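Dropping the structure in here first, questions after.
The values are calculated or read from the model by the stated rules, or taken from the named source; none is laboratory data. Everything numeric here is computed off the predicted structure, so don't read it as measured data. In this analysis, Cβ positions are derived from the backbone assuming ideal geometry, glycine residues included, and neighbour counts consider all displayed protein chains.
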Amino acid sequence: MTTSKVKSKPIWRRKRSWFLLLLIAVYGLLLSNRGTRILMQTAANHPKSQAATPVLSPTDLSDWENIQTKKLKELFQTHIYGDFPLEMTLRAEEMSRLPGTYFDNSATVDIANLTLINTENEKTRSFGLVIIRPIESEARIPIIVSQNFCPNHNVVPINGVPKPQNITFDCSGDGMMSNVFLYFFGRHITTPPIKDIMQRGYAFAAVYPTEFVPDSAQAGQLILNDYFDNFEVSERPGALMAWAAQFSLLSDYLETKLGFSKSIVYGHSRFGKTALIAAAFNPEIDGVIAHQSGTGGASLSRDKPGETVSDITNGYPHWFGNRYQNYALSQKELPVDQHQLLALIAPRPILLGNARRDVWSDPNGGFRAAQGVNPVYQLYGNSGLTAKKLSDFNPEDKISFWIRPGTHGVVKEDWPAFLDFLDAQLK
Ligand code: GCU
């Protein structure tokens, strides 16, 4: 009997070995990147790490409203956002109703052009506004005021909503980029479920803040420098503060001039930050939905996983006032933390939206911030946040915390939660 010995190839000559090696190298490369490592994490369901500091313990309403809140506003302006620009007004250029009804006959649509005027130096910037209201609604209903990532004609995708002038960015179309955008950031990153909003009895106002201040480090900073040239560099508002001022003036306009009963500011991520800042600086805003607002929004800066002050000031230097970057390497030294921003909104309702795998925004730090504000809500005779863990969604809480599985973006589960919160708070 003859035996033929099959000589096996040395390991380094086998294709499979090289493929395995390549996989290990790619995996190693990905893990060596901090951003990717964070992307692979999941937020713990129980508040982890230290409670918000400094601990808020106000005992006297008059001291809180007249002294403490003023001090806090000073700190936020000086160290984080730049000054809240008080010398601004809003002028409505023209308003017209598009003929017919929309969104399965659930709504009418008005369009307007508005101008923000810096009354100190007479500089102006214009932007478009779209207002959608439920047909047959009562005259005075609440309005959700939304700052968006996409231009108005994408947010309200019907004929007649104008494209912004001089802006080429567009989220519409069947192109690969817009599909990738929707795939990663969810079906409602571009446009909310307008018909559902109408059916629950809310009006909806859309603006594209980039028309006022471009969201780019260079072009944005140039506009800020020019439009706010009446401010010292160290006090000049950053883009978040400027957009918050736009939110604030627009909310006042919708209530006082157009007769809406209440204004709720809504934004995702960077515009979740601006919604919180606007409500903190304008007591007339009636409530906030801040979805995944993260660093510089609802998440605590001290002891923060995910995005650091250094990350955000490197990536988006135009968003903040001039001094925030000084804390890039020492964020523990910040003399104020984000639970104190939420405290400036108390006792009004706040919904903080989150996703388990969005550790970049740090849901856990947002939860601890919300817990840290309870003493201020209690000062007003309210229990604030009653949730004990991140997954306890109690829409009737004045500080309500919503978390779902998944990542950064606005997905189909989010809007029903937002609307349940509004129903519980306003109806
Ligand atoms: C970046 C940024 C965040 C911001 C987010 C967004 O991820 O780091 O701070 O919230 O963009 O606005 O989508």
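Within the range 414-423, identify whether any single residue is within 16 Å of the ligand (Cβ to nearest atom) and not aliphatic (A, V, I, L, M), and answer yes or no. Full working, then the answer.
Taking the range 414-423 first, the residues within 16 Å of the ligand (Cβ to nearest atom) are 414.
Narrowing further to those that are not aliphatic (A, V, I, L, M): 414.
Looking through the range 414-423, at least one residue is within 16 Å of the ligand (Cβ to nearest atom) and not aliphatic (A, V, I, L, M).
Looking at the range 94-113, I want the residues that are in contact (Cβ under 8 Å) with a residue 60 or more places away in the chain and aliphatic (A, V, I, L, M) and have a partner that is surrounded by 12 or more Cβ atoms within 10 Å (Cβ to Cβ) and not in a loop (DSSP other than H, G, I, E, B) with Cβ atoms under 6 Å, at least 6 apart or on another chain. Which pairs are those?
Pairs that qualify, where the first residue is in contact (Cβ under 8 Å) with a residue 60 or more places away in the chain and aliphatic (A, V, I, L, M) and the partner is surrounded by 12 or more Cβ atoms within 10 Å (Cβ to Cβ) and not in a loop (DSSP other than H, G, I, E, B), are Leu98/Val109; Ala107/Ile132; Ala107/Pro134; Ala107/Met198.
If you don't mind, there's one more thing I want to ask. Name the pairs whose Cβ atoms lie under 8 Å apart, with the first residue in the range 299-326 and touching a residue at least 24 places away in the same chain (Cβ under 8 Å), the second among the aromatic types (Phe, Trp, Tyr) and assigned to a loop (DSSP other than H, G, I, E, B), and 6 or more positions between them or separate chains?
Pairs found: Gly306/Trp360; Glu307/Trp360.
Filtering the range 280-313 down to residues that are part of a loop (DSSP other than H, G, I, E, B) and among the aliphatic types (A, V, I, L, M), which residue is farthest from the ligand (Cβ to nearest atom)? It would help to see each step written out before you state the result.
Pass one, the range 280-313, residues part of a loop (DSSP other than H, G, I, E, B): 282-286, 292-308.
From the residues that got through so far, the ones that are among the aliphatic types (A, V, I, L, M) too are 285, 298, 300.
On the way: Ile285: 20, Ala298: 11, Leu300: 14 Å.
Per the criteria, the residue is Ile285.
List, please: which pairs have Cβ atoms under 7 Å, are six or more places apart or on different chains, and start with a residue in the range 145-160 that is closer than 13 Å to Phe212 by Cα and within 16 Å of the ligand (Cβ to nearest atom) and end with one that is among the small types (Gly, Ala, Ser) and modelled with pLDDT of 95 or more?
Gln147/Gly267; Asn148/Ala206
Now for a different question. Answer yes if at least one residue in the range 349-368 is in contact with a helix residue (DSSP H, G or I) (Cβ under 7 Å, 6 or more places away or on another chain) and either part of a helix (DSSP H, G or I) or under 16 Å from Pro58 (Cβ atoms) (or both), and no otherwise.
For the range 349-368, residues in contact with a helix residue (DSSP H, G or I) (Cβ under 7 Å, 6 or more places away or on another chain) and either part of a helix (DSSP H, G or I) or under 16 Å from Pro58 (Cβ atoms) (or both): absent.
Quick test for you: out of Ala346, Ala369, Ala355, pick the one residue that is at pLDDT 95 or above, within 16 Å of the ligand (Cβ to nearest atom), more than 16 Å from Gly296 (Cβ to Cβ) and among the small types (Gly, Ala, Ser).
Details: Ala346 fails: within 16 Å of the ligand (Cβ to nearest atom); Ala369 fails: more than 16 Å from Gly296 (Cβ to Cβ).
Sole residue among the options that is at pLDDT 95 or above, within 16 Å of the ligand (Cβ to nearest atom), more than 16 Å from Gly296 (Cβ to Cβ) and among the small types (Gly, Ala, Ser): Ala355.
Can you confirm whether Phe169 is aromatic (Phe, Trp, Tyr), surrounded by fewer than 22 Cβ atoms within 10 Å (Cβ to Cβ) and either in the same structural domain as Pro192 (by TED's automatic domain parsing) or assigned to a strand (DSSP E or B) (or both)?
Working: aromatic (Phe, Trp, Tyr): yes; surrounded by fewer than 22 Cβ atoms within 10 Å (Cβ to Cβ): yes; either in the same structural domain as Pro192 (by TED's automatic domain parsing) or assigned to a strand (DSSP E or B) (or both): yes.
It is true that Phe169 is aromatic (Phe, Trp, Tyr), surrounded by fewer than 22 Cβ atoms within 10 Å (Cβ to Cβ) and either in the same structural domain as Pro192 (by TED's automatic domain parsing) or assigned to a strand (DSSP E or B) (or both).
Name every residue in the range 328-337 that is in contact with a Ser or Thr (Cβ under 8 Å, 6 or more places away or on another chain) and in contact (Cβ under 8 Å) with a residue 60 or more places away in the chain, in order of residue number. Break it down stepwise before answering.
Initially, the range 328-337 is screened for residues in contact with a Ser or Thr (Cβ under 8 Å, 6 or more places away or on another chain), giving 328-329, 331, 334, 337.
The answer is Leu334, Asp337.
Taking Asp252 as the residue in question, decide whether it is away from the ligand (no atom under 16 Å from the Cβ), on the phi > 0 side of the Ramachandran plot and surrounded by fewer than 24 Cβ atoms within 10 Å (Cβ to Cβ). Break it down stepwise before answering.
On the way: away from the ligand (no atom under 16 Å from the Cβ): yes; on the phi > 0 side of the Ramachandran plot: no; surrounded by fewer than 24 Cβ atoms within 10 Å (Cβ to Cβ): yes.
So Asp252 does not fit the description; no.
Out of the residues in the range 172-205 meeting the condition of being of a type in the set (Phe, Trp, Tyr) and outside any loop (DSSP other than H, G, I, E, B), tell me which one is surrounded by the most Cβ atoms within 10 Å (Cβ to Cβ). So that I can check it myself, show each step before the final result.
If we filter the range 172-205 for residues that are of a type in the set (Phe, Trp, Tyr), which is where we start, we get 181, 183-185, 202, 204.
Keeping just the survivors that are outside any loop (DSSP other than H, G, I, E, B) gives 181, 183-185, 204.
Values: Phe181: 17, Tyr183: 10, Phe184: 11, Phe185: 19, Phe204: 23.
Among them, the one singled out is Phe204.
Yes or no: the range 47-55 includes at least one residue that is in contact with a strand residue (DSSP E or B) (Cβ under 8 Å, 6 or more places away or on another chain) and touching a residue at least 24 places away in the same chain (Cβ under 8 Å). If you could, list the steps in order and put the result at the bottom.
First, the residues of the range 47-55 that are in contact with a strand residue (DSSP E or B) (Cβ under 8 Å, 6 or more places away or on another chain): none.
No, the range 47-55 has no match at all.
Then there is this: Just checking, which of Lys262, Lys273 is closer than 28 Å to Met95 by Cβ and either within 12 Å of the ligand (Cβ to nearest atom) or surrounded by fewer than 24 Cβ atoms within 10 Å (Cβ to Cβ) (or both)? Please lay out each step first, then the result.
Working: Lys273 fails: closer than 28 Å to Met95 by Cβ.
Only one candidate passes the filter, namely Lys262.
Quick one: which residue in Gly35, Gly28 is touching a residue at least 60 places away in the same chain (Cβ under 8 Å) and outside the structural domain of Ala278 (by TED's automatic domain parsing)? Spell out how you get there, then give the answer.
On the way: Gly28 fails: touching a residue at least 60 places away in the same chain (Cβ under 8 Å).
Answer to the selection: Gly35.
Which of the residues spanning the range 321-358 are within 19 Å of His79 (Cα to Cα), basic (Lys, Arg) and out of contact with any Lys or Arg (no Cβ under 9 Å at 6 or more places or on another chain)?
The one that is within 19 Å of His79 (Cα to Cα), basic (Lys, Arg) and out of contact with any Lys or Arg (no Cβ under 9 Å at 6 or more places or on another chain): Arg323.
Give me the pairs, please: first residue somewhere in the range 57-74 and touching a residue at least 60 places away in the same chain (Cβ under 8 Å) and under 12 Å from Tyr377 (Cα atoms), second residue anywhere and aromatic (Phe, Trp, Tyr) and in a helix (DSSP H, G or I), beta-carbon distance under 8 Å, and either six or more positions apart or on two chains.
Pro58/Trp64
Sticking with this one: Restricting attention to the range 374-402, which residues are buried (at least 20 other Cβ atoms within 10 Å of the Cβ) and closer than 19 Å to Pro192 by Cβ?
Correct list: Ser400, Trp402.
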